[in-house]
Amino acid sequence: LAGDWSYDVFAAYDTTDHIQTMHHAVLKSRVQNLLNAPDGGNTICAGGFNPFGTANNSVLSQACLAYMTTTAHSQELLSQSNVQATVQGSLFELPAGDIKIAFLADQRRNTYEYTPDTALAAQDIEAVIASKAATGKIDVSELATQVQVPLFEDLTLGAAYRFSDYSTAGGVNAYEGDLKWRPLDSMLLRAGYQRAVRAPSIGELFSAAQGVQVAFGNPPGALGDPCDIRSTARTGPGGADVRQLCLDQGIPLAVIDAYTFPTTATAGVQSGNPELEPETADTYNLGVQWTSESESALLDGISVSLDYYSIDITDVISVVPGLTTLSKCYNLDGSNPSYSTSNAFCQLLERDANGLLSLIRTPYFNLGSFKTDGVDLQFSWSPELSSFGLNSSATVFLESYIGYANSFEIVTVPGSTAQDYNNTIAVGASHPEWKSMTTLGYRGDALSVGLRWRYLGAMDDVTSVTTPATPLPGTPNYSTYDLFGSYELTENLQIRAGVTNFTDELSVMVSSSQNSTDTSVYNAVGRSWYLGMSFSM
């Protein structure tokens, strides 16, 4: 194109075919046929089926094993097509420089199809909750522009706008603006605002209803079924109101004062929701970056940045965790002060004819809001050894990232009270107040080695928010250390090796977890080693 204008056109298509195979799945209907057979099942398969005693169960004939089991196949198919074009260049020149602008047009289509095995769909597989077939697609067309305006030599204004038209959510607008000012050659000040919009993903919209297990433990050590007479919901303040709510939900009057739930978990169903609306985020940030220009060996190579952020997300798309549903339905955190069965969270619970908690639904919803703010600090120092008078071109480096979260407020449903989950942990939902990662190393012409320290601050268990009257123990400070290195044997051959968690730090118990820890946060493997090689022609 003319001048400094350029364009780019891009097209892509990809598909993922995920086939799930369940070997030796036990068919409930076949087992029932054998149990109902008057001859013990001998006419159905050789040897029949005697369910009594380990000795009988361990000598089932191959014919009966083949009759009562199957290999179940389920298929999940996802695809995406994408066509995108961009044009960018300079509009005109200002005294401080050229105004740069870019335009984008984009067209995408995502499709999803899930076909469960017929036995799985019919809930004929033992110990597995049924899943249903599901299908859906999303088409989206987008137009966007971004501009950069040099107001003065050291002050730049940036702005961007995007319009997206979703076949599922309609048209949405996103935009942002930022200022960058360099009062000194060594210092950059920045500030920005962004309105971001996230439409629900194809999985959040159309994923099949699938059975999950909701673990809540045995009371009083864990939450358990709040209607259980051992639960702190029954024995603590509000116990009489909880008792009445349990009666209203179907627990018979004859058993309410002796009711106990027999296990530590119950069935759950998680599913997509085609009625989801986009979620919206407003983000503010202020930051400063300083880079040393000193000739001193001590200050050479220092860079520091400090950023404050504030993020407010509304109409949050999320699954309501089963434990949260129980806490809110039974007013353990003040969410149902009238102890009403029509409460939105109580509507997600089902009890059988005997009053036992049989199902907790955990669908995707547009919930209330997330609001968080905090400070991020990044520090790096990488002086050359020659700065210290050594005859070497190698460098040492020290890099550190420190994150401090001031708050993490959640409004679960619109109109409910905000609760601050900052510095709490639950499986899959940790919000540490402090976290950091620091690396110290040496980088030479051929050899590079380093030590990495990961730190996570102590946290309260999530029950300090969900059941504040009876919180469970939290987690302590947690640190792991990694060693890593690489060596270039030749210009084209590099060997790398390392030890992850070389001190073999044990994982930490998360009180509200049935599995005792959260593997997304704490190292459950222990010490591990790796060795690799890279070769180029």
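Descriptive notes on the structure:
- Cβ pairs under 6 Å, 6+ apart, first in segment 1-25 and closer than 30 Å to residue 131 by Cα, second open to solvent by 80 Å² or more (accessible area, probe 1.4 Å) and assigned to a strand (DSSP E or B): 21/73
- When residue 460 is tested against (1) of a type outside the set (Val, Ile, Thr); (2) within 23 Å of residue 216 (Cβ to Cβ); (3) open to solvent by 50 Å² or more (accessible area, probe 1.4 Å); (4) in a loop (DSSP other than H, G, I, E, B), only condition (4) is not met.
- Yes/no for residue 124 being within 30 Å of residue 174 (Cβ to Cβ) and acidic (Asp, Glu): no
- Top-ranked residue in segment 229-261 [being in contact (Cβ under 8 Å) with a residue 12 or more places away in the chain, hydrophobic (A, V, I, L, M, F, W, C) and farther than 17 Å from residue 341 by Cα; ranked as least open to solvent (accessible area, probe 1.4 Å)]: 261
- In the set (1) surrounded by 17 or more Cβ atoms within 10 Å (Cβ to Cβ); (2) in contact with a Cys (Cβ under 7 Å, 6 or more places away or on another chain), residue 61 fails one condition alone, (1).
- Residue 364 falls short on exactly one of the conditions (1) open to solvent by 40 Å² or more (accessible area, probe 1.4 Å); (2) in contact with a Pro (Cβ under 6 Å, 6 or more places away or on another chain); (3) closer than 30 Å to residue 204 by Cβ, and that condition is (2).
- Of the set (1) in a loop (DSSP other than H, G, I, E, B); (2) open to solvent by 30 Å² or more (accessible area, probe 1.4 Å); (3) farther than 25 Å from residue 170 by Cα; (4) not small (Gly, Ala, Ser), all apply to residue 225 but (2).
- Test: residue in segment 234-250 that is under 30 Å from residue 110 (Cα atoms) and either touching an Asp or Glu at 6+ places or on another chain (Cβ under 9 Å) or at pLDDT below 90 (or both): no
- Residue match in segment 136-147 (condition: among the aliphatic types (A, V, I, L, M), surrounded by 14 or more Cβ atoms within 10 Å (Cβ to Cβ) and more than 30 Å from the chain's Cα centre (by Cα)): yes
- Some residue of segment 350-357 being open to solvent by less than 40 Å² (accessible area, probe 1.4 Å) and touching a helix residue (DSSP H, G or I) at 6+ places or on another chain (Cβ under 8 Å): yes
- Residue selected from segment 399-424 under the condition modelled with pLDDT under 95 and small (Gly, Ala, Ser), by the criterion nearest to residue 373 (Cα to Cα): 418
- Extreme residue, farthest from residue 301 (Cα to Cα), among residues of segment 412-454 that are under 18 Å from the mean Cα position of the chain (by Cα) and assigned to a strand (DSSP E or B): 426
- The single condition from (1) open to solvent by 60 Å² or more (accessible area, probe 1.4 Å); (2) among the acidic types (Asp, Glu); (3) outside any strand (DSSP E or B) that residue 409 fails is (3).
- For segment 270-311, taking the residues that are closer than 24 Å to residue 462 by Cα and within 18 Å of the chain's Cα centre (by Cα), the one that is surrounded by the most Cβ atoms within 10 Å (Cβ to Cβ) is identified as 270.
- Residue in segment 104-114 that is surrounded by fewer than 17 Cβ atoms within 10 Å (Cβ to Cβ) and among the β-branched types (Val, Ile, Thr) present: no
- Positions within segment 433-450 being open to solvent by 50 Å² or more (accessible area, probe 1.4 Å) and closer than 23 Å to residue 487 by Cβ, in sequence order: 440, 442, 443, 445, 447, 449
- Once segment 114-171 is narrowed to residues that are acidic (Asp, Glu) and under 30 Å from residue 190 (Cβ atoms), the residue that is modelled with the lowest pLDDT is 153.
- Restricting segment 177-223 to residues that are among the charged types (D, E, K, R) and farther than 27 Å from residue 314 by Cβ, the residue that is farthest from the chain's Cα centre (by Cα): 185
- Among the residues of segment 479-537, those identified as at positive phi and among the polar types (S, T, N, Q) are 501, 516.
- Flag if residue 323 is out of contact with any strand residue (DSSP E or B) (no Cβ under 6 Å at 6 or more places or on another chain), surrounded by 19 or more Cβ atoms within 10 Å (Cβ to Cβ) and hydrophobic (A, V, I, L, M, F, W, C): yes
- Among residues of segment 230-248, those that are basic (Lys, Arg) and either assigned to a helix (DSSP H, G or I) or in contact with a Leu (Cβ under 8 Å, 6 or more places away or on another chain) (or both), counted: 2
- Of all residues in segment 161-177, those satisfying the criterion of being open to solvent by less than 30 Å² (accessible area, probe 1.4 Å) and hydrophobic (A, V, I, L, M, F, W, C) are 169, 172, 174.
- For segment 8-24, a residue qualifies if it is of a type in the set (D, E, K, R) and open to solvent by less than 80 Å² (accessible area, probe 1.4 Å), and exactly one does: 14.
- Extreme residue, least open to solvent (accessible area, probe 1.4 Å), among residues of segment 178-201 that are within 15 Å of residue 280 (Cα to Cα) and basic (Lys, Arg): 195
- Some residue of segment 368-385 being within 25 Å of residue 413 (Cβ to Cβ), in contact with a strand residue (DSSP E or B) (Cβ under 7 Å, 6 or more places away or on another chain) and of a type in the set (Phe, Trp, Tyr): yes
- Residue in segment 272-286 that is under 20 Å from residue 324 (Cα atoms) and without any contact (Cβ under 8 Å) to a residue 24 or more places away in the chain present: no
The values are calculated or read from the model by the stated rules, or taken from the named source; none is laboratory data. Note that the coordinates shown come from a computational prediction; the quantities given were computed from them, not determined experimentally. FYI the Cβ positions are ideal-geometry reconstructions off the backbone, even for glycines, and counts take in every protein chain you see. Surface areas here come from the heavy atoms of the whole protein model, side chains and all, with no ligands, DNA or RNA. Shrake-Rupley method; radii C 1.70, N 1.55, O 1.52, S 1.80 Å.
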